[in-house]
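Enquirer: Got a structure for you, written out below as C-alpha coordinates; questions coming shortly.
The values are calculated or read from the model by the stated rules, or taken from the named source; none is laboratory data. Just so it is clear, the model here is predicted, and its values are computed rather than measured. In this analysis, Cβ positions are derived from the backbone assuming ideal geometry, glycine residues included, and neighbour counts consider all displayed protein chains. SASA here: full protein model, heavy atoms, side chains in, ligands and nucleic acids out. Shrake-Rupley method; radii C 1.70, N 1.55, O 1.52, S 1.80 Å.
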Amino acid sequence: AQSVAQPEDQVNVAEGNPLTVKCTYSVSGNPYLFWYVQYPNRGLQFLLKYITGDNLVKGSYGFEAEFNKSQTSFHLKKPSALVSDSALYFCAVRDNTGTASKLTFGTGTRLQVTL
Amino acid sequence: KAGVTQTPRYLIKTRGQQVTLSCSPISGHRSVSWYQQTPGQGLQFLFEYFSETQRNKGNFPGRFSGRQFSNSRSEMNVSTLELGDSALYLCASKASPIGELFFGEGSRLTVL
(Lines give C-alpha, C1' and ligand atoms only; values in the text may rest on other atoms or scores of the structure.)
Protein backbone atom coordinates (compact mmCIF):
# COMPACT_ATOMS: atom_id res chain seq x y z
CA ALA A 1 0.00 0.00 0.00
CA GLN A 2 1.18 3.50 -0.73
CA SER A 3 1.07 6.32 1.80
CA VAL A 4 2.14 9.92 2.27
CA ALA A 5 2.94 11.80 5.46
CA GLN A 6 2.92 15.55 5.85
CA PRO A 7 4.11 15.98 9.42
CA GLU A 8 3.21 19.65 9.80
CA ASP A 9 -0.39 20.81 9.87
CA GLN A 10 0.74 24.41 9.44
CA VAL A 11 3.89 26.24 8.45
CA ASN A 12 4.31 29.92 9.22
CA VAL A 13 6.80 32.01 7.27
CA ALA A 14 7.51 35.70 6.91
CA GLU A 15 7.31 37.14 3.41
CA GLY A 16 10.68 37.09 1.72
CA ASN A 17 11.97 34.18 3.77
CA PRO A 18 12.53 30.71 2.34
CA LEU A 19 9.86 28.10 2.94
CA THR A 20 9.87 24.33 3.19
CA VAL A 21 6.84 22.05 3.35
CA LYS A 22 7.76 18.51 4.27
CA CYS A 23 6.57 15.26 2.71
CA THR A 24 7.63 11.65 3.15
CA TYR A 25 6.21 8.72 1.26
CA SER A 26 5.97 4.96 1.21
CA VAL A 27 5.36 3.01 -1.99
CA SER A 28 6.31 -0.29 -3.50
CA GLY A 29 8.49 0.19 -6.49
CA ASN A 30 9.57 3.57 -7.79
CA PRO A 31 7.38 6.52 -6.89
CA TYR A 32 5.66 9.16 -8.93
CA LEU A 33 5.43 12.20 -6.66
CA PHE A 34 3.32 15.33 -6.97
CA TRP A 35 2.63 18.59 -5.19
CA TYR A 36 -0.69 20.39 -5.44
CA VAL A 37 -1.96 23.64 -3.94
CA GLN A 38 -5.53 24.45 -2.97
CA TYR A 39 -6.99 27.89 -2.38
CA PRO A 40 -10.25 28.30 -0.41
CA ASN A 41 -13.29 26.83 -2.14
CA ARG A 42 -11.25 25.85 -5.17
CA GLY A 43 -9.97 22.65 -6.71
CA LEU A 44 -6.37 21.47 -6.60
CA GLN A 45 -3.78 23.13 -8.79
CA PHE A 46 -0.77 21.16 -9.98
CA LEU A 47 2.60 22.59 -8.92
CA LEU A 48 5.22 20.02 -9.90
CA LYS A 49 6.00 16.34 -10.24
CA TYR A 50 8.85 13.89 -10.01
CA ILE A 51 8.77 10.93 -12.34
CA THR A 52 12.42 10.17 -12.96
CA GLY A 53 15.69 11.96 -13.61
CA ASP A 54 17.06 15.00 -11.79
CA ASN A 55 16.29 14.94 -8.08
CA LEU A 56 15.59 18.69 -8.03
CA VAL A 57 12.33 19.45 -9.76
CA LYS A 58 11.25 22.97 -10.64
CA GLY A 59 7.59 23.86 -10.91
CA SER A 60 5.09 26.66 -11.12
CA TYR A 61 5.22 29.99 -9.26
CA GLY A 62 8.88 29.56 -8.25
CA PHE A 63 8.35 26.36 -6.29
CA GLU A 64 10.76 23.45 -6.41
CA ALA A 65 11.03 20.09 -4.71
CA GLU A 66 13.87 17.75 -3.94
CA PHE A 67 13.44 14.01 -4.29
CA ASN A 68 15.50 12.04 -1.79
CA LYS A 69 15.22 8.31 -2.33
CA SER A 70 17.21 7.25 0.74
CA GLN A 71 15.06 9.38 3.04
CA THR A 72 11.87 8.73 1.01
CA SER A 73 11.17 12.43 1.05
CA PHE A 74 9.92 15.00 -1.42
CA HIS A 75 10.00 18.36 0.35
CA LEU A 76 8.53 21.43 -1.33
CA LYS A 77 10.63 24.59 -1.24
CA LYS A 78 10.62 28.19 -2.35
CA PRO A 79 13.53 30.61 -1.90
CA SER A 80 11.37 33.66 -1.12
CA ALA A 81 7.80 33.34 0.12
CA LEU A 82 4.96 35.64 -0.90
CA VAL A 83 1.78 36.44 1.01
CA SER A 84 -0.12 35.10 -2.00
CA ASP A 85 1.50 31.68 -1.43
CA SER A 86 -0.72 31.24 1.64
CA ALA A 87 -2.82 28.17 0.87
CA LEU A 88 -3.21 24.47 1.56
CA TYR A 89 -0.51 22.25 0.07
CA PHE A 90 -0.87 18.57 -0.67
CA CYS A 91 1.80 16.00 -1.46
CA ALA A 92 0.69 12.92 -3.39
CA VAL A 93 2.22 9.64 -4.51
CA ARG A 94 1.41 6.77 -6.79
CA ASP A 95 3.50 3.79 -7.69
CA ASN A 96 4.74 3.18 -11.19
CA THR A 97 3.17 -0.23 -11.61
CA GLY A 98 0.26 -0.60 -13.96
CA THR A 99 -1.65 2.18 -15.60
CA ALA A 100 -4.21 3.04 -12.94
CA SER A 101 -3.70 6.49 -11.62
CA LYS A 102 -4.87 6.32 -8.05
CA LEU A 103 -3.09 9.08 -6.17
CA THR A 104 -2.69 8.87 -2.43
CA PHE A 105 -2.65 12.29 -0.83
CA GLY A 106 -1.19 13.53 2.39
CA THR A 107 -3.36 15.31 4.93
CA GLY A 108 -2.21 18.71 3.72
CA THR A 109 -0.10 21.49 5.18
CA ARG A 110 -1.48 24.96 5.58
CA LEU A 111 1.10 27.58 4.63
CA GLN A 112 0.66 30.98 6.22
CA VAL A 113 2.90 33.75 4.89
CA THR A 114 2.81 37.02 6.82
CA LEU A 115 4.19 40.48 6.15
CA LYS B 1 -7.79 25.14 -23.66
CA ALA B 2 -10.69 24.84 -21.25
CA GLY B 3 -10.01 23.15 -17.94
CA VAL B 4 -11.96 20.44 -16.17
CA THR B 5 -15.54 21.55 -15.71
CA GLN B 6 -17.74 20.27 -12.92
CA THR B 7 -21.44 20.89 -12.46
CA PRO B 8 -23.16 21.83 -10.30
CA ARG B 9 -20.74 23.75 -8.12
CA TYR B 10 -22.97 23.75 -5.08
CA LEU B 11 -25.96 21.68 -4.13
CA ILE B 12 -28.01 20.88 -1.07
CA LYS B 13 -29.84 17.59 -0.62
CA THR B 14 -31.63 15.86 2.21
CA ARG B 15 -30.91 12.44 3.65
CA GLY B 16 -32.22 9.58 1.55
CA GLN B 17 -32.13 11.50 -1.73
CA GLN B 18 -29.74 10.78 -4.55
CA VAL B 19 -27.43 13.09 -6.45
CA THR B 20 -25.66 13.07 -9.80
CA LEU B 21 -22.51 15.11 -10.40
CA SER B 22 -21.09 15.82 -13.82
CA CYS B 23 -17.55 16.28 -15.05
CA SER B 24 -16.21 17.33 -18.45
CA PRO B 25 -12.49 16.61 -18.76
CA ILE B 26 -9.94 18.65 -20.63
CA SER B 27 -10.33 18.09 -24.36
CA GLY B 28 -8.33 15.05 -25.44
CA HIS B 29 -8.04 13.59 -21.94
CA ARG B 30 -9.55 10.12 -21.76
CA SER B 31 -8.86 9.34 -18.11
CA VAL B 32 -11.16 10.76 -15.46
CA SER B 33 -10.81 10.27 -11.71
CA TRP B 34 -13.04 11.28 -8.83
CA TYR B 35 -12.02 12.19 -5.28
CA GLN B 36 -13.94 13.06 -2.16
CA GLN B 37 -12.55 15.75 0.14
CA THR B 38 -13.76 16.15 3.71
CA PRO B 39 -12.17 17.87 6.73
CA GLY B 40 -12.03 14.60 8.64
CA GLN B 41 -10.87 12.13 5.98
CA GLY B 42 -9.00 14.42 3.65
CA LEU B 43 -8.75 13.51 -0.03
CA GLN B 44 -9.95 10.02 -0.80
CA PHE B 45 -9.98 8.28 -4.16
CA LEU B 46 -13.39 7.21 -5.43
CA PHE B 47 -12.83 5.77 -8.91
CA GLU B 48 -11.05 6.14 -12.21
CA TYR B 49 -12.44 5.71 -15.70
CA PHE B 50 -10.67 5.31 -19.00
CA SER B 51 -12.42 4.84 -22.32
CA GLU B 52 -15.75 4.18 -20.58
CA THR B 53 -14.26 1.44 -18.36
CA GLN B 54 -13.77 1.66 -14.64
CA ARG B 55 -10.09 0.89 -14.02
CA ASN B 56 -9.84 1.41 -10.32
CA LYS B 57 -12.19 1.88 -7.39
CA GLY B 58 -11.63 3.23 -3.92
CA ASN B 59 -13.00 1.92 -0.66
CA PHE B 60 -16.48 3.39 -0.78
CA PRO B 61 -19.86 1.68 -0.40
CA GLY B 62 -21.90 0.63 -3.39
CA ARG B 63 -24.06 3.76 -3.03
CA PHE B 64 -21.27 5.55 -4.85
CA SER B 65 -21.17 4.81 -8.54
CA GLY B 66 -19.94 6.39 -11.70
CA ARG B 67 -19.76 6.09 -15.42
CA GLN B 68 -17.98 7.55 -18.39
CA PHE B 69 -19.44 8.33 -21.77
CA SER B 70 -17.91 7.94 -25.21
CA ASN B 71 -16.97 11.64 -25.25
CA SER B 72 -15.00 11.09 -21.99
CA ARG B 73 -17.47 13.08 -19.91
CA SER B 74 -18.14 11.41 -16.59
CA GLU B 75 -20.85 11.35 -13.99
CA MET B 76 -20.90 10.07 -10.45
CA ASN B 77 -24.00 9.18 -8.51
CA VAL B 78 -24.57 8.85 -4.82
CA SER B 79 -27.78 7.17 -3.77
CA THR B 80 -29.53 7.16 -0.39
CA LEU B 81 -27.55 10.15 0.81
CA GLU B 82 -26.22 10.24 4.35
CA LEU B 83 -25.07 13.22 6.39
CA GLY B 84 -21.50 11.96 6.10
CA ASP B 85 -21.63 12.29 2.33
CA SER B 86 -21.35 16.06 2.70
CA ALA B 87 -18.09 16.87 0.98
CA LEU B 88 -16.31 18.52 -1.89
CA TYR B 89 -16.29 16.10 -4.82
CA LEU B 90 -13.39 16.66 -7.16
CA CYS B 91 -13.04 15.40 -10.68
CA ALA B 92 -9.69 15.24 -12.44
CA SER B 93 -8.44 14.27 -15.87
CA LYS B 94 -5.06 13.50 -17.31
CA ALA B 95 -3.46 13.23 -20.72
CA SER B 96 -1.21 10.22 -20.27
CA PRO B 97 -0.72 7.29 -17.89
CA ILE B 98 2.08 9.00 -15.98
CA GLY B 99 0.85 12.53 -16.40
CA GLU B 100 -0.38 14.78 -13.64
CA LEU B 101 -4.03 15.09 -12.79
CA PHE B 102 -5.79 18.33 -13.60
CA PHE B 103 -8.61 19.05 -11.19
CA GLY B 104 -11.88 20.85 -11.59
CA GLU B 105 -13.21 23.34 -9.06
CA GLY B 106 -15.33 20.65 -7.43
CA SER B 107 -18.95 20.15 -6.54
CA ARG B 108 -19.76 20.96 -2.94
CA LEU B 109 -22.51 18.72 -1.66
CA THR B 110 -24.31 19.47 1.58
CA VAL B 111 -26.63 16.80 2.97
CA LEU B 112 -29.19 17.97 5.52
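Enquirer: When we measure straight from the Cα of A:Lys58, which lysines land under 27 angstrom away, once same-chain ones fewer than 8 places off are left out?
Expert: A:Lys22, A:Lys49, A:Lys69, A:Lys77, A:Lys78, A:Lys102, B:Lys1, B:Lys94
Enquirer: If I model a spin label at A:Tyr39 and B:Gln44 as a point 7 Å from the Cα along the Cα→Cβ vector, what separation in nanometres do I get?
Expert: In this crude label model, A:Tyr39 to B:Gln44 measures out at 2.9 nm.
Enquirer: Give the cross-link partners of B:Lys57 among the aspartates and glutamates, using a straight C-alpha distance below 19 Å as the criterion and excluding same-chain residues fewer than 8 apart.
Expert: Those aspartates and glutamates meeting the cut-off are A:Asp95, B:Glu48, B:Glu75, B:Asp85, B:Glu100.
Enquirer: Roughly speaking, to the nearest percent, how much of chain B's 1.4 Å accessible area is carbon and sulfur?
Expert: Reported share for carbon and sulfur atoms: 50 percent.
Enquirer: Also: Rounded if a/c is under 1.5, else prolate if a/b beats b/c, else oblate: with a ≥ b ≥ c from the C-alpha gyration tensor eigenvalues square-rooted, which is the stretch A:3-114?
Expert: prolate
Enquirer: Ordering B:Ile26, B:Ile12 from largest to smallest accessible area (1.4 angstrom probe), what's the sequence?
Expert: From most exposed to least exposed: B:Ile12, B:Ile26.
Enquirer: Now, a different point. Determine the total buried accessible area between chain A and chain B, counting protein heavy atoms only with a 1.4 Å probe; round to the nearest 100 Å².
Expert: 1800 Å²
Enquirer: Something else: If you split all Cα-Cα distances of the stretch B:49-100 into 5 Å bins from zero, what percentages do you get per bin, shortest first?
Expert: Computed distribution, short to long bins: 4, 14, 26, 26, 16, 9, 4, 0.
Enquirer: So how far apart, in nm, are the two label points at B:Gln17 and B:Ser51 if each is 7 Å from Cα heading toward Cβ?
Expert: In this crude label model, B:Gln17 to B:Ser51 measures out at 3.8 nm.
Enquirer: In the stretch B:5-112, what chymotrypsin sites (Phe, Trp or Tyr not before Pro) fall in a loop by DSSP, with at most 13 other Cβ atoms inside 10 Å?
Expert: The qualifying sites are B:Phe69.
Enquirer: Same structure, new question: If B:Leu81, B:Leu11 are ordered by their accessible area, calculated over protein heavy atoms with a 1.4 Å probe, which sequence runs from highest to lowest?
Expert: B:Leu11, B:Leu81
Enquirer: Probe radius 1.4 Å, ligands and nucleic acids ignored: give me the carbon and sulfur share of the accessible area of the stretch A:3-114 as a rounded percent.
Expert: Percent of accessible area from carbon and sulfur atoms in the stretch A:3-114: 47.
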